[in-house]
1. Which net charge results when you count Lys and Arg as +1 and Asp and Glu as -1 among the other residues whose beta-carbon is under 12 Å from that of Pro223?
2. Rank these by accessible area, largest first, 1.4 Å probe: Arg240, Arg194.
3. Give the distance, in whole Å, between the Cα centre of region 34-112 and the Cα centre of region 194-234.
4. Share of region 20-245's accessible area from carbon and sulfur, percent, 1.4 Å?
5. Between (1) 1.02; (2) 0.93; (3) 0.98, which entry matches Rg/Rh (Cα atoms, Kirkwood Rh) as derived from the coordinates of this structure?
6. For region 118-129, just list the computed ³J(HN,Hα) in residue order, Karplus coefficients 6.51, -1.76 and 1.60, θ = phi - 60°, integers in Hz, with x standing in for Gly and Pro.
7. Not counting ligands, DNA or RNA, and with a 1.4 Å probe, what is Tyr70's accessible surface area in Å² rounded to the nearest 10?
8. Dipole of region 132-246 (Lys/Arg Cβ +1, Asp/Glu Cβ -1, origin at the Cα centre): which of Val165, Asn188, Phe221 lies farthest to the positive side?
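The values are calculated or read from the model by the stated rules, or taken from the named source; none is laboratory data. Computed from a prediction, not measured in an experiment: that's the story for all the values here. Cβ placement follows ideal geometry from the backbone for every residue including glycine, while neighbour counts extend to all protein chains displayed. What goes into the accessible areas is simple: the full protein's heavy atoms, side chains included, and nothing from ligands, DNA or RNA. Shrake-Rupley method; radii C 1.70, N 1.55, O 1.52, S 1.80 Å.
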Amino acid sequence: MTAVTTAPATAEAGAESGASIGVVTFPGTLDDRDAARAVRLAGAKPVNLWHADSTLAGVDGVILPGGFSYGDYLRCGAIAGFAPIMESVVSAANAGMPVLGICNGFQILCESHLLPGALIRNDHQHFICRDQELLVENTNTAWTGDYEHGQTIRIPLKNGEGGFVATDEVLEELEGTGRVVFRYQGLNPNGSLRDIAGITNEAGNVVGLMPHPEHAVEAGFGPEDGTGIDGQGFFSSAVRTLVNGR
């Protein structure tokens, strides 16, 4: 109870940190407000960005949150990849800006070619919603520095098209260069090849994953098993990265 009641004070600190992280809203986005709150609780200022914007409003980082952008027509994330704001996101990511894609945001990153591979229909053909254990395999990204290599975390997962696929060549490259950031542990919920739950680009500033860390940042509101706040590390890592000027 104490952790919950002290959250607003932490949120106020976000306005004083000097770091700002934009959260993009597309038509059909669901989790933008959750992501914005996670940013605020981590000590940064969340900035609302709209899919039709042409600039990033001077933010230091960007989150593409979960949902069903443009109704998931064509392919999940396919239309969003052509949204006006994505030209700025791609340009900024290629210049080193930290970018996180969560669930539908991961799909958008793949459709925008910021990350390799694709996300397809779950192998069991059903939408799944559960608390999911993940194995942390790369802590050298802008979004994972506050975790430990080999650590197991538990955060919510909810998707219908979460199966990560790629060619054997791409999979070998991801494995060989340490770009698999998270791997499903205990259960592969969607048939992702090699149990891959999240990956990063070569520079480590762009990360995409299917589970939802923004739903596990406040005690009493995250998964009942474990700490319930295992998602905090994503956002605190990004703030630390930005403050340290990495």
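1. Result for the neighbourhood of Pro223: -4.
2. Descending accessible area places them as Arg240, Arg194.
3. 16 Å
4. Of all accessible area on region 20-245, carbon and sulfur atoms account for 50 percent.
5. So the calculated entry is the one marked (2).
6. 8, 10, 10, 3, 3, 5, 8, 6, 10, 5, 10, 9
7. About 50 Å², rounded to the nearest 10.
8. It is Phe221.
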